[in-house]
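Contents: one structure, followed by commentary.
The values are calculated or read from the model by the stated rules, or taken from the named source; none is laboratory data. Bear in mind the structure is a predicted one, so any value in this text is a computation, not a measurement. Note that we place each Cβ from the backbone using ideal geometry, even for glycine, and neighbour counts take in every protein chain shown. The accessibility values were calculated without ligands, DNA or RNA, using every heavy atom of the protein model including side chains. Shrake-Rupley method; radii C 1.70, N 1.55, O 1.52, S 1.80 Å.
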Amino acid sequence: MEQTKFIMINPEKCSGCRTCEMACSLYNEKECSPSLSRIRVVRNEAIGDSFPVGCALCSKPVCVEVCPTGANSIDPELGTGLINEEICVGCKACVRACPFGAAGISYRTGKAYKCNLCGGDPMCVKHCPTKCLEYAPLELTVRHRRRALADDVIAKLKGEG
Amino acid sequence: MYGWRGKRIRFNLTKGTWDVEETPYEYRRKWLGGRGYNSEVLYNSVGPDVDPLSPENVVCLGVGPMSGTFGPSTGRVTVTAKSPLTGGFGDSNMGGHWGAELKFAGYEQIILEGKAPKPSYIWIDDDKIEIRDASHIWGKYPRDADAIIKEELGDKDIHIVTIGPAGENLVRFACTFNDCYRAAGRTGHGAVIGSKNIKAIAVRGTGGVKIANPEEYFKICSEWRETMRTDPMAQGLLNYGSLILIMPCNYEMGWFPWKNLKYGYHPDARNISGEVWSKKHLRHKEGCFSCAICCGIVSEIREGKYKGEYTGGPEYEAAVPTGPRVGIIDSETTLHNAVLTNNFGMDAIEAGAAISWAMECWEKGYLTAKDTGGLELTWGNAEVVDKLLRMMTYREGFGDILAEGPWRASQKLGIGEDCLVVTRGMSLPGDDPRGLGFGYGLSFAVGTRGGCDHLRSLCCLELSGYLYPGLNKKIVGTEECSKPLVTAGKPKMVYWEENQKAFVDSLQVCCFNTHWSYGCRNEHLVPMLNAVTGLDFTEDELMTIGERIYNLERAYWAKMLSGKYEDTVPRRFTHEPMPENPAASSGKVLPLDEMLPEYYKLREYDPETGFPGEKKLKELGLEDVAEELKPYRKKYIELHKGKKGGKKKK
């Protein structure tokens, strides 16, 4: 069975540089603007923590469910997000419904946008300098996370941490 | 318009008004952005007689055409003002995310003129601008002021420039922060902002930067990013921050700034190396906007009496001044002192230099308990360092004198010339040219913002050039100059690096991306700039812009009657051979006089004064400046009549 690939976030590696935002907006919108990026980094400068938030590619996408015109959908072949700009009326229902703040409205077109995984090679993952983002099948990214935790605990138990 | 947003805001703080000005095409093409814009504004609006802490001084914060884009490390901000520390040209730059945010809001530059009648902060929300009351945050540490403003404006994602108590109390080396810890450290413009009653500048931008050729820009930047990711120097910075420098600086080259840069080596330097530091203190990585390297860190103290303290960085130059420079070699105390300098909002280099200068004076008997109010300024006395940092910030007792910086303090007290590690009024950073390299030494002597100018040229051709065979041959004409401790080729290297750095600084791209590793060279930068702006810049044109900016800054000093007699480094480097050590620097002195004449020739400086030459200024499109300097040439010659050329003043 082919597993769905998704973007795993490893926040302990995120430096908050927002390269992902720029890669996304330049690749998809031909302009550099965080407001047009499908992924946004939430930063807490005072203590140095950062956490990228993007489309979770929900199994039951609420943005699709609430879309009154049918403009918001999931590409049946690629499994990526899809906005049909022809029929999107910019009503912001998807923005209101998304629990992660991952959907947005373009200030240029007035239409909705959401993550399309750059057609299968997400630019945010590709250009992340600290490799905080990982694009792989769900089971594999979970294994990676599990192993990282185990390595960390073992190192601490042995006094190497 | 691509790249640039083409607007800047000029505040008249006295009246509480502002104008949004357009920058014409010719202006943008002549000065590029950030450093170039700022230098032009300072030169043309603040004359030689203006007191830096008076309302007549001007503070400029500038970003460039590539700021706020996918280009690696394009988020830097240059802050420029007439320096209260040196009395001359002063600028400094910082990373963080504020610069990109300003660009998203639609501006390349902010100019602060006059003085607000009461403590205030500025709020720029795209095209809505406000000057707001700041009496409730006056006196707060930058990180606390940042939090209060975010709460007040109801948005934790805005980016804020702040000053600390040191800036409010007009400490002459107070600095500016953005995003809590990203400091534009040098030349003391924090005090200038404080003198204008401004505590902070908060920005929210929701727009974007248009790119002329998006596909090409994406491709070039991606290649550059990939180069950086595999570059050995960049990898060291990513993993350990700039404290990665400690090991080679001490054990191989011998420029570890131990005890006011008297010595270049200490057997326990490893204690504060990046490798040890990352295990003991690293809390999190912290990258500037769109950075490919992410050398920034947030550090915390996990044990001992300072347990629980944390701060951004410190990077190399913020850790060593209040660490080894004052005789402290343990990482907890070093980090604690960095917490203090960040909280108080002062330049760690000058603060450490002031204390280490006083400690050397104490050791030599020039200062006694009578002068210091009973404090015993012995090397490595952590308690005294802690006290002095507080006393300087609030200008109490002996701290009030040190808050003037070591150069002014020594004049006030009439002592300690031989303990001063200062050029043009500014203390040198923790880089000793007797081990680091003679090119660095030359750049310290001739830099356009005083003795700190390891960043004006950043001679990485000499420091890491050996990693890239053929690079020095191509740029300088000889491979010999890859060796730090030779003079061959160094004047040309410094000349080239200074011009290149001036335009790179104006693009507001980080020097670690463009210089340190040479991952990105001019042959990448030129097409990148063209892809962003849609224009047809050539490498020659950019180098000419760099040279124009450099000469304008030098002309500013000339109007201050500072020229060739001031082109010097502290006696320590030219006359005191480096004490014996197992590294390369052992027994070395800096042969500055061997390099200066060739450097002057390359710059086409006027041989009598060391001022920018008339012909050169005209070539660079600075005809007005050439005319303006004429009376100052006469004055300078008159001032130095009877002195031997090229020798130092002191």
Of the numbered conditions (1) away from chain A (no Cβ under 14 Å); (2) within 21 Å of B:Gly352 (Cβ to Cβ); (3) open to solvent by less than 10 Å² (accessible area, probe 1.4 Å); (4) not in a helix (DSSP H, G or I), B:Phe177 fails exactly one; give the number of that condition.
(1)
Does at least one position in the range B:285-307 carry a residue that is under 24 Å from the mean Cα position of the chain (by Cα), more than 14 Å from chain A (Cβ to nearest Cβ) and of a type in the set (A, V, I, L, M, F, W, C)?
no
Could you list, in sequence order, the residues of the range B:395-413 that are open to solvent by 30 Å² or more (accessible area, probe 1.4 Å) and within 21 Å of B:Asn342 (Cα to Cα)?
B:Arg395, B:Glu396, B:Asp400, B:Ile401
The conditions are (1) assigned to a strand (DSSP E or B); (2) under 29 Å from B:Leu535 (Cα atoms), and B:Ala200 fails exactly one of them. Which is it?
(2)
Determine, yes or no, whether B:Arg229 is crowded, with 24+ Cβ neighbours inside 10 Å and of a type in the set (Lys, Arg).
no
Given the conditions (1) of a type in the set (A, V, I, L, M, F, W, C); (2) touching a residue at least 24 places away in the same chain (Cβ under 8 Å); (3) at the interface with chain B (Cβ under 8 Å from one of its Cβ atoms), and given that A:Phe51 satisfies all but one, which numbered condition is not satisfied?
(3)
Going residue by residue through the range B:32-39, is there one that turns out to be open to solvent by 20 Å² or more (accessible area, probe 1.4 Å) and in contact (Cβ under 8 Å) with a residue 24 or more places away in the chain?
no
Note down all Cβ pairs under 9 Å where the first residue falls in the range B:569-589 and is outside any loop (DSSP other than H, G, I, E, B), the second is among the acidic types (Asp, Glu), and they're at least six residues apart or on different chains.
B:Arg571/B:Glu417; B:Arg571/B:Asp418; B:Arg572/B:Asp418; B:Arg572/B:Asp432; B:Phe573/B:Asp432; B:Thr574/B:Asp593
So, first residue touching a residue at least 60 places away in the same chain (Cβ under 8 Å) in the range B:381-406, second residue of a type in the set (Phe, Trp, Tyr) and crowded, with 19+ Cβ neighbours inside 10 Å, Cβ within less than 7 Å, six or more apart or across chains; the pairs are B:Leu389/B:Phe344; B:Thr393/B:Phe344; B:Gly405/B:Phe173
Take the residues in the range B:2-31 that are of a type outside the set (D, E, K, R) and in contact with a Gly (Cβ under 6 Å, 6 or more places away or on another chain), then tell me which one is nearest to B:Glu553 (Cα to Cα).
B:Thr23
Whichever residue in the range A:51-97 is more than 14 Å from A:Tyr113 (Cα to Cα) and modelled with pLDDT of 95 or more and, among such residues, is least open to solvent (accessible area, probe 1.4 Å):
A:Pro52
I'm checking my understanding of the structure. Among residues of the range B:422-469 that are surrounded by 24 or more Cβ atoms within 10 Å (Cβ to Cβ) and basic (Lys, Arg), which one is nearest to B:Asp347 (Cα to Cα)?
B:Arg449
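To keep it simple, each residue is scored yes or no on (1) at the interface with chain A (Cβ under 9 Å from one of its Cβ atoms); (2) closer than 24 Å to B:Ala183 by Cβ; (3) open to solvent by 10 Å² or more (accessible area, probe 1.4 Å); (4) not in a helix (DSSP H, G or I).
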| site | (1), (2), (3), (4) |
| --- | --- |
| B:Leu238 | yes, yes, yes, no |
| B:Pro248 | no, no, yes, no |
| B:His266 | no, no, yes, yes |
| B:Arg283 | yes, yes, yes, yes |
Just name the residue that is nearest to B:Leu112 (Cα to Cα) out of those in the range B:6-22 that are of a type outside the set (S, T, N, Q) and open to solvent by 80 Å² or more (accessible area, probe 1.4 Å).
B:Trp18
Go through the range B:1-50 and count every residue that is of a type in the set (Phe, Trp, Tyr), within 24 Å of B:Asn530 (Cα to Cα) and assigned to a helix (DSSP H, G or I).
4
When residues of the range A:19-46 are limited to those that are open to solvent by 50 Å² or more (accessible area, probe 1.4 Å) and over 13 Å from the mean Cα position of the chain (by Cα), the one farthest from the other protein chains (Cβ to nearest Cβ):
A:Asn44
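The rows are residues; the columns are (1) crowded, with 24+ Cβ neighbours inside 10 Å; (2) more than 21 Å from the chain's Cα centre (by Cα); (3) within 17 Å of B:Glu628 (Cβ to Cβ); (4) not β-branched (Val, Ile, Thr).
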| position | (1), (2), (3), (4) |
| --- | --- |
| B:Asn530 | no, yes, no, yes |
| B:Thr533 | no, yes, no, no |
| B:Phe537 | no, yes, no, yes |
| B:Asn551 | yes, no, yes, yes |
Output the strands (runs of 3 or more DSSP E) that fall wholly within the range B:94-174 and possess 2 or more residues being in contact (Cβ under 8 Å) with a residue 12 or more places away in the chain and open to solvent by less than 20 Å² (accessible area, probe 1.4 Å), or say none.
B:109-113, B:120-125, B:159-163
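Yes/no matrix, rows are residues, columns are (1) open to solvent by 50 Å² or more (accessible area, probe 1.4 Å); (2) under 20 Å from the mean Cα position of the chain (by Cα):
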{"site": "B:Glu315", "(1), (2)": "yes, yes"}
{"site": "B:Ala319", "(1), (2)": "no, yes"}
{"site": "B:Thr341", "(1), (2)": "no, yes"}
{"site": "B:Gly345", "(1), (2)": "no, yes"}
{"site": "B:Ala348", "(1), (2)": "no, yes"}
{"site": "B:Asn381", "(1), (2)": "no, no"}
{"site": "B:Thr393", "(1), (2)": "no, no"}
